[in-house]
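The values are calculated or read from the model by the stated rules, or taken from the named source; none is laboratory data. Quick caveat, the model's predicted, so the values are computed rather than measured. Note that we place each Cβ from the backbone using ideal geometry, even for glycine, and neighbour counts take in every protein chain shown.
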Amino acid sequence: MPVDPHRSLELAAPRQEALCRAIESLTEAQWQAPSNCAGWAVADLVAHVTRNGESVLLATQRALSGDSTPAFGPTMRSREEALRASGAQACAALQRTEFAELRTLIGGLDPDQLGLTFPHPMGPRPVAWYCTARLSEVTFHGWDLGRSLGHDEPLEGEAAAYLLDYLLDSNQPVANDRRAERTADAFNVVSGTRSWVVTVGPTGPRVAVSGAEGAARRIAAEPGWLALALYGRTRIDRPEFSVSGPADTADAFAAVFGQPG
């Protein structure tokens with residue numbers, strides 16, 4: 001794994017708590033208002049990130065017991081509906097309980113147990129991966145909630161830099177793969193001294209080379225902005241990015257990684 005599950009949960013802890021406090025402070029009008037996630041109200045966003053915490057905990061528990069009953073995907077839609085109906089306070093309380101239980105459980109596992117896999121819509125993933133997936137959820141959806149309430153800051157730098165290794169893992173398809181129709185393209189993605197080459201083929205984008213340059217389209221930014229672009233939360237034609245290559249590079253990047261809806 002490109003990242004450490006224990007470090008992932010350590011980084012997630014303050015962000016999880018900040019998210020819960022933000023949820024608890026929502027007014028009824030904010031709860032019902034549209035979010036920056038297309039088609040979702042703020043209530044839908046909160047229900048989703050709460051259900052994800054429950055799913056990650058279930059995935060860990062079921063992987064350890066050899067149970068492959070799905071914890072993600074369409075089977076969980078009714079659960080999200082129930083969480084939305086429960087309200088903001090209940091969702092925040094449940095997230096705190098879920099996360100505390102997950103940290104305790106992960107803390108007692110050995111490397112072999114952390115390597116056990118559980119089904120995910122993107123394919124089987126090890127328990128260790130789910131820890132970083134949870135960090136990703138609370139980080140990006142915490143940003144989504146702030147953006148829905150009018151904020152427009154980048155992700156916090158430490159978590160963003162750490163999550164770049166999760167988003168750009170050369171051992172698997174890019175984490176936020178949109179399966180774009182556009183193929184036969186490549187992007188040199190740069191943050192500070194770190195560089196990746198993402199190639200786009202018939203099966204979607206993959207990190208073909210790590211730590212090297214080699215693509216006509218070059219995108220550079222601080223980790224907090226670059227991670228948002230890779231997650232489809234901002235376009236790269238804003239001043240925080242340095243972009244070179246063909247004139248359509250920003251549109252080409254958005255076609256692969258998504259863009260704000």
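Pick out the one residue from Ala186, Ala160, Ala175 that is among the small types (Gly, Ala, Ser) and at pLDDT below 75.
Checking each option against the conditions leaves just Ala175.
With respect to Arg51, is the statement that it is of a type outside the set (A, V, I, L, M), in a helix (DSSP H, G or I), under 20 Å from the mean Cα position of the chain (by Cα) and modelled with pLDDT under 95 true?
On the way: of a type outside the set (A, V, I, L, M): yes; in a helix (DSSP H, G or I): yes; under 20 Å from the mean Cα position of the chain (by Cα): yes; modelled with pLDDT under 95: no.
No.
Do you know which of the residues in region 202-232 that are out of contact with any strand residue (DSSP E or B) (no Cβ under 9 Å at 6 or more places or on another chain), under 29 Å from Arg147 (Cα atoms) and at pLDDT below 95 is surrounded by the most Cβ atoms within 10 Å (Cβ to Cβ)?
For region 202-232, the residue satisfying everything is Tyr231.
Going by what's in this entry, would Pro154 be described as farther than 19 Å from Trp225 by Cα and either under 15 Å from the mean Cα position of the chain (by Cα) or not aliphatic (A, V, I, L, M) (or both)?
It is false that Pro154 is farther than 19 Å from Trp225 by Cα and either under 15 Å from the mean Cα position of the chain (by Cα) or not aliphatic (A, V, I, L, M) (or both).
I need a count of the residues in region 217-241 that are out of contact with any helix residue (DSSP H, G or I) (no Cβ under 7 Å at 6 or more places or on another chain), under 22 Å from Glu158 (Cβ atoms) and assigned to a strand (DSSP E or B).
Total satisfying the criteria: 1.
Residues Thr50, Thr104, Thr97: which one is of a type in the set (Ser, Thr, Tyr) and touching a residue at least 24 places away in the same chain (Cβ under 8 Å)?
So the residue among Thr50, Thr104, Thr97 that is of a type in the set (Ser, Thr, Tyr) and touching a residue at least 24 places away in the same chain (Cβ under 8 Å) is Thr50.
If you scan region 64-93, which residues turn out to be closer than 18 Å to Gln32 by Cα, of a type outside the set (D, E, K, R), out of contact with any Phe, Trp or Tyr (no Cβ under 9 Å at 6 or more places or on another chain) and surrounded by fewer than 18 Cβ atoms within 10 Å (Cβ to Cβ)? Give the steps one after another, and end with the answer.
Narrowing region 64-93 to residues closer than 18 Å to Gln32 by Cα: 80-92.
Narrowing the set further to residues that are of a type outside the set (D, E, K, R) leaves 82-83, 85-92.
Next, from what is left, pick out any that are out of contact with any Phe, Trp or Tyr (no Cβ under 9 Å at 6 or more places or on another chain): 82-83, 85-86, 89-92.
Answer for region 64-93, where residues must be closer than 18 Å to Gln32 by Cα, of a type outside the set (D, E, K, R), out of contact with any Phe, Trp or Tyr (no Cβ under 9 Å at 6 or more places or on another chain) and surrounded by fewer than 18 Cβ atoms within 10 Å (Cβ to Cβ): Ala82, Ala85, Ser86, Gln89, Ala90.
What tally of residues in region 113-128 results from selecting those that are without any contact (Cβ under 8 Å) to a residue 60 or more places away in the chain, surrounded by 16 or more Cβ atoms within 10 Å (Cβ to Cβ) and out of contact with any Pro (no Cβ under 9 Å at 6 or more places or on another chain)?
So the count comes out to 1.
Which members of region 61-96 meet the condition of being more than 17 Å from Pro124 (Cβ to Cβ) and of a type in the set (A, V, I, L, M)?
Matches in region 61-96: Met76, Ala82, Leu83, Ala85, Ala88, Ala90, Ala92, Ala93, Leu94.
Which condition number does Ala216 fail, the rest of (1) under 21 Å from the mean Cα position of the chain (by Cα); (2) in contact (Cβ under 8 Å) with a residue 24 or more places away in the chain being met?
(1)
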